[in-house]
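Read the structure below first, then the notes.
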Amino acid sequence: MARIEGSHMVSEHQRQRRECADGAVSFDGVTKHAVEVGRTRIVITGVLFALCFTVIGLRLFDLMVLRGGGEPALAAAGHKVVTDVQRAAIVDRNGVLLAVNLKTASLYANPQKVMDAAEAADQLSAVLPDLDRDQVFEKLTSGRSFVWLKRNLTPAQHYTVNRLGLPGLSFQTEEKRIYPHGALMAHILGYTDVDSNGIAGLEKYFDTKLRDPGSAGEPVQVSLDVRAQHILRDELMRAVAEYRAKAGVGLVMDVRSGEVLAMVSLPDYDPNDAGQASQDALFNRATLGVYEMGSTFKTFTVAMALESGTVGMNGGYDATDPIRISRFTIRDYHAKRRWLSVPEIYVYSSNIGSAKMAMDVGAPRQRRFLDKLGLLQKPDLELPEVGSPLLPPRWGDINTMTVSYGHGIAVTPVQMAGAISATVNGGIMVPPTIIKRDDNAMAAGKRVMSSRTSVAVRRLMRQVVAFGTGKRADAPGYMVGGKTGTAEKSFRGGYRRKALVSSFVGAFPIDKPRYVVLAVLDEPQGTKETHGYATGGWTAAPVVGGVVSRLAPLMGIEPVDEIDQDERKAMMANWRQKGRAVASF
């Protein structure tokens, strides 16, 4: 029996070996069922894995390609998070970038998920030194679900904080406004807050336009030129330091279009860190500050008198004695004590001659003339920080006299530059602007004086630089013309004799004016080189001369050889001779 069973087992074993050798394997019963179940499970698992990877891949494609990697906005009580702002850039007239948005990471926390607030506060304050450890700890133990810890981290800060691996901390992508040129154009550009809202300057004036999604990608182009701005700021900073002035203002304006090419107000600030700036530095003196501009106003007085016909270039006035009216006395700084012709009144900057000239014209016509030049109303400029002029409460005889030489009326520097531009460009008033205009701006301007009067005034302005108080503004080869101004600062109803506002306004080339340059120094101090004088001719005029010498070549203005020196000297000699003859008579 055993042999038979053993024989059967051997034969079965041989049969299975033959089947394996033939390559055919078959399972019966339980074994077959188990194999089929295993195969089914493997197939199902593979399908599930494939489905999961497909879903994940589609989701990543949606996030990274279709939606550009945007993050969901987060909000909590008292906190505003902006993640989709695309604030438009600001560029200068040549397309140079002045302001632009960059994406940054901002750090926030969910205090409810922070495991150890004390340790987290210690580590964060160690890697971010500007954070106050106690304030961070207070936020992390507040029990709220969202608190800001630090906005707009640098890439290095983002990396360092991320390496800490602290639970409950996360990053939100935001945008930060960047000003590549720092303080160069601070008062014009202004700045934004942490949520990209315009706070000052162009950022505030054009806030809606800059934030408009429909105009995203279209930069706002201004009239300024980075090169001109750098030159003006450099020359003005040098003068403020040399003469220890409290402040300084400078402007460069295109006389044909009214475009402001450069505008500087010192002290200034870095708009990338506006929160650290003082109120004095934030103040835009070029558009918001108002000043009595002194003898620069004599340019308008002479133009007004010539235009009205009350006096001609060969006429003049007796400036022998000071004028006493009421409790005031009007005298000349460098008195000639004789009859002065109109050119001499302007070149020698005679207050007495200017006052008498204005009285001949009369107060009503004086007011109308200054109003046409935009000096009696707030200028319409593309900035929120624009000041209104300070005018006499009543325009009587004494006011007519003092206004004729720039006292008793205070205007902004941008108003002054605009009025001078109209005086020298042929008599067309083109309102100042900070936005780039086309070449037809003068065609839309308003005539305020004849071209003949404009030419006459330009000749006088050239005489001031060639022979008068503005010699230090001369830039050989570029035919600068201009006028000095020195005004005592008002104080408690009177004036402080040693607190001066010194200025010079010039135009070049004066035979065919292209640009006006204005420089104003607030309370400059005399030096050994100026023999102790702090007047406009000594302190502000060199700023204009320096700007012209550096700016003219950049603007394609070729230097010229002046051939009328002898003619001008003969004219001056003739005026002096005529003045002495009338005085002796």
*Can you name the residue in the stretch 143-162 that is closer than 21 Å to Q112 by Cα and without any contact (Cβ under 8 Å) to a residue 60 or more places away in the chain and is also surrounded by the fewest Cβ atoms within 10 Å (Cβ to Cβ) among such residues?*
G143
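Suppose we filter Q565, Q577, Q525 for residues that are more than 15 Å from V464 (Cα to Cα) and modelled with pLDDT under 90; which single one remains? Break it down into steps so the answer makes sense when it comes.
On the way: Q565 fails: more than 15 Å from V464 (Cα to Cα); Q525 fails: modelled with pLDDT under 90.
Within the list Q565, Q577, Q525, the selection yields Q577.
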*Just for the stretch 265-289: of the residues that are in contact (Cβ under 8 Å) with a residue 40 or more places away in the chain and touching a helix residue (DSSP H, G or I) at 6+ places or on another chain (Cβ under 6 Å), which one is surrounded by the fewest Cβ atoms within 10 Å (Cβ to Cβ)?*
D270
*Which condition breaks for A156 when tested against (1) touching a strand residue (DSSP E or B) at 6+ places or on another chain (Cβ under 6 Å); (2) among the aliphatic types (A, V, I, L, M); (3) more than 30 Å from D234 (Cα to Cα)?*
(1)
*Within the stretch 386-444, how many residues are more than 25 Å from V226 (Cα to Cα) and without any contact (Cβ under 8 Å) to a residue 40 or more places away in the chain?*
12
_Against the definition (more than 41 Å from the chain's Cα centre (by Cα), assigned by TED's automatic domain parsing to the domain that holds V264 and surrounded by 15 or more Cβ atoms within 10 Å (Cβ to Cβ)), how does V361 come out, yes or no?_
no
*Would the stretch 411-425 turn up any residue that is surrounded by fewer than 22 Cβ atoms within 10 Å (Cβ to Cβ) and either hydroxyl-bearing (S, T, Y) or in contact with a Pro (Cβ under 9 Å, 6 or more places away or on another chain) (or both)?*
no
*Identify the residue in the stretch 332-347 that is under 39 Å from the mean Cα position of the chain (by Cα) and surrounded by 22 or more Cβ atoms within 10 Å (Cβ to Cβ) and, among all such residues, is farthest from R459 (Cα to Cα).*
I345
*I352: over 27 Å from G387 (Cα atoms) and touching a residue at least 40 places away in the same chain (Cβ under 8 Å), yes or no?*
no
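Test of understanding: among V430, V501, V457, which residue is over 20 Å from S404 (Cα atoms) and either in contact with a Phe, Trp or Tyr (Cβ under 9 Å, 6 or more places away or on another chain) or at pLDDT 90 or above (or both)?
On the way: V501 fails: over 20 Å from S404 (Cα atoms); V457 fails: over 20 Å from S404 (Cα atoms).
After applying the criteria, what remains is V430.
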*Provide a single number: the residues in the stretch 406-437 that are over 24 Å from N284 (Cβ atoms) and within 21 Å of the chain's Cα centre (by Cα).*
0
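Answer with yes or no whether A262 is surrounded by 23 or more Cβ atoms within 10 Å (Cβ to Cβ), within 17 Å of the chain's Cα centre (by Cα) and assigned to a strand (DSSP E or B). Give the steps one after another, and end with the answer.
Details: surrounded by 23 or more Cβ atoms within 10 Å (Cβ to Cβ): yes; within 17 Å of the chain's Cα centre (by Cα): yes; assigned to a strand (DSSP E or B): yes.
Here the answer is yes, as A262 does meet what is asked.
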*May I ask you to say which residue of V582, V560 is aliphatic (A, V, I, L, M), more than 29 Å from L232 (Cα to Cα) and at pLDDT below 90?*
V582
*Do we find a residue being among the acidic types (D, E) and surrounded by 16 or more Cβ atoms within 10 Å (Cβ to Cβ) anywhere in the stretch 206-221?*
yes
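Using the structure shown, decide if M237 is free of Cβ contacts under 8 Å to residues at least 60 places away in the same chain, in the same structural domain as T527 (by TED's automatic domain parsing), hydrophobic (A, V, I, L, M, F, W, C) and under 30 Å from P513 (Cα atoms).
Values: free of Cβ contacts under 8 Å to residues at least 60 places away in the same chain: yes; in the same structural domain as T527 (by TED's automatic domain parsing): yes; hydrophobic (A, V, I, L, M, F, W, C): yes; under 30 Å from P513 (Cα atoms): yes.
When the stated conditions are applied, M237 passes them.
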*Could you say which residue among P542, P476 is modelled with pLDDT under 95 and either touching a Lys or Arg at 6+ places or on another chain (Cβ under 7 Å) or under 29 Å from G418 (Cβ atoms) (or both)?*
P476
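So which of L128, L98 is of a type in the set (A, V, I, L, M), touching a His at 6+ places or on another chain (Cβ under 7 Å) and at pLDDT 85 or above?
On the way: L128 fails: touching a His at 6+ places or on another chain (Cβ under 7 Å).
Residue meeting the stated conditions: L98.
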*Kindly indicate whether L518 is touching a helix residue (DSSP H, G or I) at 6+ places or on another chain (Cβ under 6 Å) and crowded, with 24+ Cβ neighbours inside 10 Å.*
yes
*Does at least one position in the stretch 373-380 carry a residue that is modelled with pLDDT of 95 or more and in contact with a Phe, Trp or Tyr (Cβ under 9 Å, 6 or more places away or on another chain)?*
yes
*Of the conditions (1) at pLDDT below 95; (2) at negative phi; (3) touching a strand residue (DSSP E or B) at 6+ places or on another chain (Cβ under 9 Å), K471 fails just one. Which one is it?*
(3)
*Residues of the stretch 294-330 that turn out to be modelled with pLDDT of 95 or more and over 20 Å from R459 (Cα atoms), as a count*: 0
_Testing K436 on (1) touching a Lys or Arg at 6+ places or on another chain (Cβ under 6 Å); (2) under 19 Å from A303 (Cβ atoms); (3) basic (K, R), one condition comes back false. Which one is that?_
(2)
*Do you know which residues across the stretch 95-149 are under 31 Å from the mean Cα position of the chain (by Cα), over 16 Å from V161 (Cα atoms) and polar (S, T, N, Q)?*
N101
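The values are calculated or read from the model by the stated rules, or taken from the named source; none is laboratory data. Remember, it's a predicted structure, so these values are computed and weren't measured experimentally. With ideal geometry, Cβ positions are generated from the backbone for all residues, glycine too; neighbour counts draw on all protein chains shown.
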